[in-house]
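K.L.:
To start, I am sharing the structure in question, which I have written as structure tokens.
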Amino acid sequence: MLVNSGTVDIPAGGWPMRMFVAAPRAPGRYAGILCYSDIFQLTGPMLRACTRLAGYGFVIAAPEIYHRIEPAGAAIPFDDAGRTRGLENARKTPVAHFDQDRRAALDYLATHPQVASGKLGAMGFCIGGHLAFRAALEPDVRATACFYGTGIHDGKLGLDEDAGSLARAGEIRGKLLMVWGAEDPHVPEQGRAAIDAKLRGTGVNYSIKLYPAEHAFMRDEGPRYDPEATDRAFGDMITVFRGVFAS
């Protein structure tokens, strides 16, 4: 499916928030997916992943998660200095700001002319996986895919030592997909087990996929990229989204 893409700036918490938006070129109404990046914001790998998802028949909106800190259009380099910069930006951002931005982005998608009524979802990578998990707490989000989400098991997100995301898992009403790399040091086996136990104990409709891969294995730049695991994990997401939004 061919895709049109561009950027929009919307108000969010008193600041303009730039988002990359991609949608099928074919006329129609589609599910809208809020897409969260890792700490490096809207880099080439993130834009390619979003465009690929749109090509499966979804309208996607990917916000710059540090729009209060970084200038509009800033993509952080994949190097040591960039990693430090991205992590420092995260440590400066309170969870309340992430939550304000989420609602603004979802409201934008809900009113997009190509988004069907009542069909909203979310996905994200790394810190974005945690942000997507929090999006799943929203009552109008019907399906969510979290790829190696950091801080879900121990509560760490941005400036907050404990965002309380996992404790609120019982609020999730939609379908949830959790994707992990077995060799990911940021989310160890004990952390994955804690998440699994909490989701199971609260009756969330969820599934877990574990691949023999490292953290950030879906980022198609750098030594950790695993093409096969990426394709399989991406397919897991498409299966969930199409299953939920088919009707």
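K.L.:
Going by the structure shown, is residue 24 more than 14 Å from the chain's Cα centre (by Cα), of a type outside the set (A, V, I, L, M) and modelled with pLDDT of 95 or more?
P.N.:
yes
K.L.:
Taking residue 218 as meeting all but one of (1) free of Cβ contacts under 8 Å to residues at least 40 places away in the same chain; (2) part of a loop (DSSP other than H, G, I, E, B), write down the number of the exception.
P.N.:
Single failed check for residue 218: (1).
K.L.:
How many residues does the stretch 103-130 hold that are touching an Asp or Glu at 6+ places or on another chain (Cβ under 8 Å), over 19 Å from residue 24 (Cβ atoms) and surrounded by fewer than 24 Cβ atoms within 10 Å (Cβ to Cβ)?
P.N.:
Residues that pass the stated criteria total 2.
K.L.:
Sort out which residues of the stretch 167-185 are more than 21 Å from residue 216 (Cα to Cα) and either hydrophobic (A, V, I, L, M, F, W, C) or part of a loop (DSSP other than H, G, I, E, B) (or both), and write them in order of number.
P.N.:
167, 169, 172, 173, 174
K.L.:
Now a separate question. Pick from the stretch 160-215 the residues that are small (Gly, Ala, Ser), in contact (Cβ under 8 Å) with a residue 40 or more places away in the chain and over 23 Å from residue 99 (Cα atoms): which of them is surrounded by the most Cβ atoms within 10 Å (Cβ to Cβ)? Steps first, please.
P.N.:
First pass over the stretch 160-215, keeping only residues small (Gly, Ala, Ser): 163-165, 167, 169-170, 174, 181-182, 191, 193-194, 197, 201, 203, 207, 213.
This time we only want the ones that are in contact (Cβ under 8 Å) with a residue 40 or more places away in the chain, so: 163, 174, 181, 194.
In the following step, the residues that additionally are over 23 Å from residue 99 (Cα atoms) were identified as 181, 194.
On the way: 181: 23, 194: 15.
Restricting to residues being small (Gly, Ala, Ser), in contact (Cβ under 8 Å) with a residue 40 or more places away in the chain and over 23 Å from residue 99 (Cα atoms), the top hit is 181.
K.L.:
Do we have any residue at all in the stretch 163-172 that's over 23 Å from residue 42 (Cβ atoms) and of a type in the set (Lys, Arg)?
P.N.:
Yes: the stretch 163-172 contains one or more residues that are over 23 Å from residue 42 (Cβ atoms) and of a type in the set (Lys, Arg).
K.L.:
Might you let me know whether the stretch 121-133 holds any residue that is without any contact (Cβ under 8 Å) to a residue 60 or more places away in the chain, in contact with a helix residue (DSSP H, G or I) (Cβ under 7 Å, 6 or more places away or on another chain) and either assigned to a helix (DSSP H, G or I) or closer than 26 Å to residue 220 by Cβ (or both)?
P.N.:
Taking every residue of the stretch 121-133 in turn, none turns out to be without any contact (Cβ under 8 Å) to a residue 60 or more places away in the chain, in contact with a helix residue (DSSP H, G or I) (Cβ under 7 Å, 6 or more places away or on another chain) and either assigned to a helix (DSSP H, G or I) or closer than 26 Å to residue 220 by Cβ (or both).
K.L.:
Also, I was wondering about something else. Within the group 246, 229, which residue is surrounded by fewer than 22 Cβ atoms within 10 Å (Cβ to Cβ), closer than 21 Å to residue 55 by Cα, at pLDDT below 95 and not polar (S, T, N, Q)?
P.N.:
Only one candidate passes the filter, namely 246.
The values are calculated or read from the model by the stated rules, or taken from the named source; none is laboratory data. Quantities reported herein were computed from a predicted structural model and do not represent experimental measurements. Don't worry about glycine lacking a Cβ; one is built from the backbone with ideal geometry, like all the others, and counts go over all protein chains shown.
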